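I am attaching a structure below and will ask some questions about it afterwards.
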Amino acid sequence: MTAVLDTRRAAAPAEPGRSRIINVLLTVLTVGLAFSITVSELTLVVLAVVLVSGTSPDALRRAPLTEPLLGFAAWTLLAAATSDAPADSLRATKSLLLLATFWIVLAAIPSAAAARRFATALFVAVTAAALSSIFQVLGCPPDGSYGWPSRMPVVGMYFNKCERAHAFFSIYMTLAGVLTVVLTLTLARLRGFARPALAASAWLVGAVALGLTLVRGAWLGFVVGAAVTLTFMRRRLLVLALLGIFVAAALAMPAVHRRLETIGNPADDTTRDRLAMLKGGLRFVREHPLTGIGPGQVKRLYPAYAPPEALRRHTSHLHNTPLQIAVERGLVGLGLWLWIFAVFFVRAGRILRRLPAEAAADRALVIGALAAVAAFLVAGLFEYNFGDTEVLLVALAVMALPFVVERDLAERVA
């Protein structure tokens, strides 16, 4: 989907029935983003069909971020085609279709008010997932699994490896990534809710769940996202109070406290292995600087590049998004990937500066999006979250929100 509606118009005037269908699909999408990748992907496909079938040709224009996103996609295909295993590498590029999420969400949300409702629905859905993950950890037996029989696969998945919160995702890193993005998106918006005390309580539920994932990279991303929020916010008291409560609660949890003590500790096995991956990854880049080794090829080649001190001799990714991009797509691919986010931050920053002080709700949404994407990128220094479908879908959906606000702003000015 290389074109969407002009930034001044979300769609041609839509029939009430079609608008209702889109609204329902957006709500279903928020639930899918919090609970099920299958629901998310199916909903995005249906949304794309509905939008394309009902869009006036005159309303189609080039979308925000088109050049960097398409440039990155084109270079990815080139890197795959020139790899040593082009067929396997080209199959791995199917994940490029996920990038259309940005344009689909942008086209589907008709106004800034609808964008705020979408962000709130996402917050509610993720809070429910966070609450379930807290019960998951509290009810987890000492051996980390209930060993439910195969006739109860959903329950078995829910309690599998439940010593770290993962809700209904397959692994705790995914829940941590989703929580990091949504919590930072929502932090600046808490004062604007009709019941801010209830919203703050729900936010703390998500924050506790983030702590219980024990994912240190996500914690660091969250810290940066919170710092971005505080930088742009004018009224900081509620945010500071919530952050203080969260820090106190986190330090009171023994598992979290122990995990914090391992940050930067060279004796920690995870830290040692990540440093070994960094060393092996830099060797990949030195030997394949232009187009890399091709998407999906780390799993095949890493055993030959892993340094002697590596604890794991096999891995499909290097737990570092910029490094993974450079290894698979070369330094040009890394530059194109950075271009995507550079354009996002520049344009979203301009949107924020254009918003008047009285547009507090819109300002909070844009600030939240800036903070969420910053948190996503920092967390990606410790985990390949650009390759985690569930996390990437949430990040791309959030990236679309400032441009919905821009569309409304342009209409008001016009």
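The values are calculated or read from the model by the stated rules, or taken from the named source; none is laboratory data. Every value quoted in this text rests on a predicted model; they were computed, and no experiment measured them. All Cβ positions, glycine included, derive from the backbone under ideal geometry; neighbour counts span all protein chains shown. Heads up: the accessible areas ignore ligands, DNA and RNA and are worked out on the full protein's heavy atoms, side chains in. Shrake-Rupley method; radii C 1.70, N 1.55, O 1.52, S 1.80 Å.
So how many residues does the range 136-163 have that are in a helix (DSSP H, G or I) and either surrounded by 14 or more Cβ atoms within 10 Å (Cβ to Cβ) or at pLDDT below 55 (or both)?
Here the count works out to 6.
Could we say that ARG412 is open to solvent by 40 Å² or more (accessible area, probe 1.4 Å), part of a helix (DSSP H, G or I), among the basic types (Lys, Arg) and at pLDDT 95 or above here?
Criteria not met by ARG412.
Filter the range 319-338 down to residues that are modelled with pLDDT of 95 or more and under 23 Å from LEU220 (Cα atoms), then give me how many there are.
So the count comes out to 10.
Then there is this: Being open to solvent by less than 70 Å² (accessible area, probe 1.4 Å), among the β-branched types (Val, Ile, Thr) and not in a helix (DSSP H, G or I) narrows it down to one residue among ILE325, ILE293, ILE340, ILE351; which is it?
Selected residue: ILE293, the only one of ILE325, ILE293, ILE340, ILE351 that is open to solvent by less than 70 Å² (accessible area, probe 1.4 Å), among the β-branched types (Val, Ile, Thr) and not in a helix (DSSP H, G or I).
What are the pairs with Cβ atoms under 7 angstrom where one residue, in the range 113-127, is open to solvent by 40 Å² or more (accessible area, probe 1.4 Å) and the other, located anywhere, is among the hydrophobic types (A, V, I, L, M, F, W, C)? Sequence gap at least six, or different chains.
Filtered contacts from the range 113-127: ARG116/ALA361; ARG116/LEU365.
Which one is nearest to PRO142 (Cα to Cα) among residues in the range 164-195 that are open to solvent by 20 Å² or more (accessible area, probe 1.4 Å), among the aromatic types (Phe, Trp, Tyr) and outside any helix (DSSP H, G or I)?
PHE168
If you don't mind, another one. Identify, by number, the condition in (1) under 24 Å from the mean Cα position of the chain (by Cα); (2) assigned to a helix (DSSP H, G or I); (3) touching a residue at least 24 places away in the same chain (Cβ under 8 Å); (4) under 25 Å from TYR384 (Cα atoms) that THR270 doesn't meet.
(3)
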